[in-house]
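Report on one structure; see the data block that follows.
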Amino acid sequence: MYYQPDIETASHEQIRAWQSERLVKQVRHVWDNVPYYRQKMEEKGLTPDDIQSVDDLHKLPFLTKDDLRECYPYGLLAKPLSECVRIQSTSGTTGKRVVAFYTQHDVDLWEDCCARALMATGATKEDVVQVAYGYGLFTGGAGMHGGSHKAGCLTLPMSSGNTDRQLQFMVDLGATVLCCTPSYAEYLAESIHERGLRDQIKLKAGIFGAEAWSEEMRRDIEKNLGLKAYDIYGLTEISGPGVAFECEAQAGMHINEDHFIAEIIDPDTGEVLPEGSKGELVFTCITKEAFPLIRYRTRDICVLTRKSCPCGRTHVKMSKPMGRSDDMLIVKGVNVFPSQIEAVLIEQGYPANYQIVVDRVNHSDTLEVMVEMTPEIFSDSLGKITDMEKSLVSALKAMLGIYAKVKLVAPKSITRSEGKAVRIIDKRKI
Amino acid sequence: MKINQISVFLENRAGQLAEVTKLLSDNHINLRAISIAETADYGLLRIIVDDSQKATSVLLENGNIVTMNPVIVVAVDDQPAGLSELLSLLTETDINIQYMYALFTHQAGKAYMVFRTEEEQAFVALLDKHGLSAATADELGLK
């Protein structure tokens, strides 16, 4: 089932025609309104006239998270604030957030994308959609909430957490579609099993994103909740959830190409790679007004394919992200950069030699920071050492927004391979 | 009068303590007292040895994290209530003992207790007042 059938099943030629027309217009809009990007274009000797079609996209300069940080908060804004109606945000490097602006038009197109994702799972106006993503600055709740409205579904704006209430509403109001992170879906499944509620739930589909998850996890969730589980992809910089979504084929996510042009590049050279190559995913927003990022490097590594899909959709499909081209970790849905942890350690008087261990215990991510003991921190008093540990834990919590366990280890015990420290150990089996 | 205690950081893994004791024995250093405080993740080894300077340099050379602090050693009668009497003297003062443990000796009739306090002078004065005294390094055969 489609939300916008003419768009979702348009011919490849039609999609390219839309993309060319919109890209040319967008580049002109950004050139006229975003001095920061205009300067970037000028540095490459480009003017909007150099961009005549989607074939010229590769000439344009990239934007990265560093640009976003440098431009915080208004530097990439392409519309007057008076035209904007919404802000969403995500955690960013060294504590600075990414702030994205939306006009009403931008909110509409984002919600359209989420409605496409919902209807691709078979949702209709007869369905009850339980949105258990966090509401607030995080895009998960807002996006799926808006999409559910547009698809005409009865929307349960639950937000995340409060499992008792989630289950009560799920049972009493007969929720049929669940939207949340895959790890929370697993947790809900477990709670349903413990309380013997399996016979009382009516879920038939689930849209799970904002976190990496495996095919094995999909099968588990499908079995334990008795539903079909769909993946969804998005990022605040580009809009939020719904940049790409899975259809009934459950094999890759269709990118909403009428709004976002996707490229795969070599993360080292920036060169555009042919279809089917594994590389870094880059997005260009061609319809957004307020915060239209051009050639934004997501740092997600994946593969694009145009093989025809049994669902009838013609938009290009992306694989699940297979990793990152930077060292960002997503822990409990929160972006964590080793540089943030390093900054806290140095500020608290610890050596910058550390190791981050991420694991998943009982469906929930855990973060542990291993720090080598130093003569400066060491004391013959256990109380003094544990006080230092506690203060480090609080400082990490303040920086990252999530709890990190601190483990003090013997000096020189942190693994170094070829003289270079191994900073991250991700034990999550995803 | 001052007796040096060496504290060593021990990561909580098999063989860590053995490594330290082997290092000491290889260097002919004799352990006179030992105590371990631990958390789930690591331990804190506190020792008194016959040659604290040598032990400290050997431990440091081998990459250990070490700190040296003065402690007070007091002989109490090796009989019921020996320690209790001493501790009851402390309860009437403001002297805060951070931790204590026993020291091995061969002197008949006496048991030696190791005390760690930030208020050393007050503690020694208290001992004097009650006709007790802190053991000296000589008395314990320590360098």
Q | Virtual spin-label span in nm between B:Glu92 and A:Val393, 7 Å along Cα→Cβ | A | 4.1
Q) With r defined as the distance between the Cβ atoms of A:Val171 and A:Glu21 and R0 fixed at 45 Å, what FRET efficiency is calculated, to the nearest 0.05? A) 0.35
Q) Over chain B, what relative contact order in percent results from Cα pairs under 8 Å that are six or more residues apart? A) 27
Q: Could you name every residue in the stretch B:58-80 that has 20 Å² or more less accessible surface in the full protein assembly than in its own chain alone (probe 1.4 Å, ligands and nucleic acids excluded)?
A: B:Gly63, B:Ile65, B:Thr67
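Just to confirm the filter: which GluC sites (Glu not before Pro) across the stretch A:347-419 are DSSP coil and have at most 15 other Cβ within 10 angstrom of their Cβ? Mind showing how you got there, number by number?
Working: sites: A:Glu347, A:Glu368, A:Glu372, A:Glu376, A:Glu389, A:Glu418; in loops: A:Glu376, A:Glu418.
Passing sites in the stretch A:347-419 are A:Glu376, A:Glu418.
Which net charge results when you count Lys and Arg as +1 and Asp and Glu as -1 among the other residues whose beta-carbon is under 12 Å from that of B:Asp94?
Numbers: positive: none; negative: B:Glu92, B:Glu118, B:Glu119.
Taking every Cβ under 12 Å from that of B:Asp94, the sum is -3.
Roughly how many debye, to the nearest 20, is the charge dipole of the protein assembly as shown about its Cα centre, given +1 on each Lys and Arg Cβ, -1 on each Asp and Glu Cβ, and no other charges?
Details: 61 positive and 79 negative charges, 185 e Å.
The dipole magnitude comes to about 880 debye.
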Q: Keeping all protein chains in place, calculate the accessible area per residue for the stretch A:1-81 (probe 1.4 angstrom), answer in Å².
A: 54
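With a cut-off of 8 Å between alpha carbons and a minimum separation of six or more residues, what is the relative contact order of chain A in percent? Intermediate values should be presented prior to the final figure.
Details: 847 pairs, mean separation 60.2, N = 430.
Taking the mean separation of contacting Cα pairs over the length of chain A, I get 14 percent.
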Q: Provide B:His130, A:His193 ordered by accessible surface of protein heavy atoms (probe 1.4 Å), highest first.
A: A:His193, B:His130
Q. Applying 1/(1 + (r/R0)^6) with R0 = 41 Å to the Cβ-Cβ distance of A:Gln4 and A:Lys427, what FRET efficiency is obtained, to the nearest 0.05?
A. 0.50
**Q.** Accessible area of the stretch B:66-143 divided out per residue, in Å², using a probe of 1.4 angstrom
**A.** 56
Q. Which one of A:Ala262, A:Ala251, A:Gly226 is farthest out on the positive end of the charge dipole of the stretch A:223-282, using unit charges on Cβ (Lys, Arg +1; Asp, Glu -1) and the Cα centre as origin?
A. A:Gly226
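Nearest 5 is fine: what % of DSSP beta bridges in the protein assembly as shown come out antiparallel, could you say?
The answer is about 75 percent antiparallel.
With a 1.4 Å probe and all protein chains left in place, how much of the accessible area of the protein assembly as shown comes from carbon and sulfur atoms, in whole percent?
Numbers: 12510 of 25100 Å².
Summing carbon and sulfur atoms, their accessible area is 50 percent of the total for the protein assembly as shown.
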Q: Estimate for me the total accessible surface buried between chains B and A (protein heavy atoms, probe 1.4 Å, no ligands or nucleic acids), in Å² to the nearest 100.
A: 1500
Q.
Net charge within 15 Å of B:Leu24 by Cβ-Cβ distance, Lys/Arg positive one each and Asp/Glu negative one each, not counting B:Leu24 itself?
A. 0
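Rounded to the nearest 0.05, what FRET efficiency do A:Asp66 and A:Glu215 give with R0 = 45 Å and r taken as the Cβ-Cβ distance? Could you check? Please report the intermediate quantities before stating the final value.
On the way: r = 34 Å, r/R0 = 0.75.
About 0.85, to the nearest 0.05.
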Q.
Relative contact order for the stretch B:14-57: what percent, with Cα pairs under 8 Å and sequence separation of 6 or more?
A. 33
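State to the nearest 20 debye the size of the charge dipole of the stretch B:3-69 about its Cα centre, where the only charges are +1 on K and R beta carbons and -1 on D and E beta carbons.
Values: 5 positive and 8 negative charges, 26 e Å.
So the dipole magnitude of the stretch B:3-69 works out to roughly 120 debye.
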(Q) Mean-square fluctuation check for chain A, GNM, Cα pairs under 10 Å: which of A:Tyr403, A:Tyr37, A:Tyr102 is largest? (A) A:Tyr403
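Taking a probe of 1.4 Å, how large is the accessible area per residue of the stretch A:334-426, in Å²?
Details: 4110 Å² over 93 residues.
Roughly 44 Å² per residue, with all protein chains present.
Which of A:Lys150/A:Lys228; A:Lys44/A:Lys317; A:Lys278/A:Lys397; A:Lys25/A:Lys65 have a Cα-Cα distance over 27 Å?
On the way: A:Lys150/A:Lys228 21 Å; A:Lys44/A:Lys317 31 Å; A:Lys278/A:Lys397 35 Å; A:Lys25/A:Lys65 24 Å.
Over 27 Å Cα-Cα: A:Lys44/A:Lys317; A:Lys278/A:Lys397.
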Q | Among A:Val27, A:Val357, A:Val128, residue whose mean-square fluctuation peaks in a GNM of chain A (springs only between Cα atoms under 10 Å) | A | A:Val357
Q.
Given the whole protein assembly as supplied and a 1.4 Å probe, what does the accessible area of B:Leu10 come to in Å², nearest 10?
A. 10
Q: Sort the stretch A:348-430 into rounded, prolate or oblate with this rule: let a ≥ b ≥ c be the square roots of the eigenvalues of the Cα gyration tensor; rounded if a/c is under 1.5, and if a/c is not under 1.5, prolate when a/b is larger than b/c, oblate otherwise.
A: oblate
Q: Mind jotting down the distance between the C-alpha centroids of the stretch A:179-225 and the stretch A:262-305, whole Å?
A: 31
Q. In debye to the nearest 20, how big a dipole does the stretch A:218-279 give about its Cα centre with +1 on each Lys and Arg Cβ and -1 on each Asp and Glu Cβ?
A. 480
Q | Positive-pole candidate from A:Val422, B:Phe115, B:Leu60, dipole of the protein assembly as shown, charges at beta carbon | A | A:Val422
(Q) Using +1 at the C-beta of Lys and Arg and -1 at the C-beta of Asp and Glu, which of A:Tyr403, A:Leu156, B:Val124 has the Cα lying farthest in the positive direction of the dipole of the protein assembly as shown? (A) A:Leu156
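The values are calculated or read from the model by the stated rules, or taken from the named source; none is laboratory data. Here the structure is a predicted model, which means the values were calculated and not measured. Virtual Cβ from ideal backbone geometry, glycine too; neighbours counted across all protein chains shown. Ligands, DNA and RNA are excluded from the accessible area calculation, which covers all protein heavy atoms including side chains. Shrake-Rupley method; radii C 1.70, N 1.55, O 1.52, S 1.80 Å.
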